[in-house]
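These notes concern the structure reproduced below.
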């Protein structure tokens with residue numbers, strides 16, 4: 001959106017019933033990164049998903065993260081060095097129940113690290 005609230009561009013997934021964006025952060029070049037989730041396996045399994053778009057709205061990359069089970073990206077932040085930090089929840093990693101999950105990404109979407117927090 002521009003400063004007056006006018007829509008400059010928008011992105012609609014191929015099947016909007018199975019992908020959702022839940023958080024957004026911006027880079028100084030005007031590009032944005034969205035964290036959310038994508039359903040797979042006939043809506044029986046969900047993975048975290050992150051998309052990056054140029055300032056003009058062109059998709060630069062998209063990447064899924066997680067495993068078998070329920071995984072979702074709920075928040076995202078860009079650090080001063082360009083590294084991205086995603087926070088969400090997972091049932092495919094960690095203690096085996098729904099755990100707090102956080103992971104770091106390069107500006108190109110490469111996973112740099114991940115941690116889960118929860119109790120068995």
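The values are calculated or read from the model by the stated rules, or taken from the named source; none is laboratory data. Here the structure is a predicted model, which is why all the values come from computation and not from measurement. Here the Cβ is made from the backbone with ideal geometry for all residues, glycine too, and neighbour counts use every protein chain on show.
Observations
- Checklist (1) free of Cβ contacts under 8 Å to residues at least 40 places away in the same chain; (2) farther than 18 Å from residue 11 by Cα; (3) part of a loop (DSSP other than H, G, I, E, B) applied to residue 46, failing item: (3)
- Test set (1) in contact with a strand residue (DSSP E or B) (Cβ under 7 Å, 6 or more places away or on another chain); (2) surrounded by fewer than 18 Cβ atoms within 10 Å (Cβ to Cβ); (3) modelled with pLDDT of 90 or more - residue 6 fails condition number: (1)
Yes or no, residue by residue, for (1) at pLDDT below 90; (2) surrounded by 15 or more Cβ atoms within 10 Å (Cβ to Cβ):
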residue	(1), (2)
62	no, yes
71	no, yes
75	no, no
80	no, no
87	no, yes
90	no, yes
95	yes, no
103	no, yes
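- So residue 111, is it within 27 Å of residue 2 (Cα to Cα), surrounded by 13 or more Cβ atoms within 10 Å (Cβ to Cβ) and in contact with a strand residue (DSSP E or B) (Cβ under 9 Å, 6 or more places away or on another chain): no
- Scope the stretch 53-74; condition over 9 Å from the mean Cα position of the chain (by Cα) and in contact (Cβ under 8 Å) with a residue 40 or more places away in the chain; matching residues: 53, 56, 57, 59, 61
- Residues located in the stretch 93-108, provided they are over 14 Å from residue 66 (Cβ atoms) and within 14 Å of the chain's Cα centre (by Cα): 104, 106, 107, 108
- Test for residue 112: is it over 9 Å from the mean Cα position of the chain (by Cα), assigned to a loop (DSSP other than H, G, I, E, B) and touching a residue at least 12 places away in the same chain (Cβ under 8 Å): no
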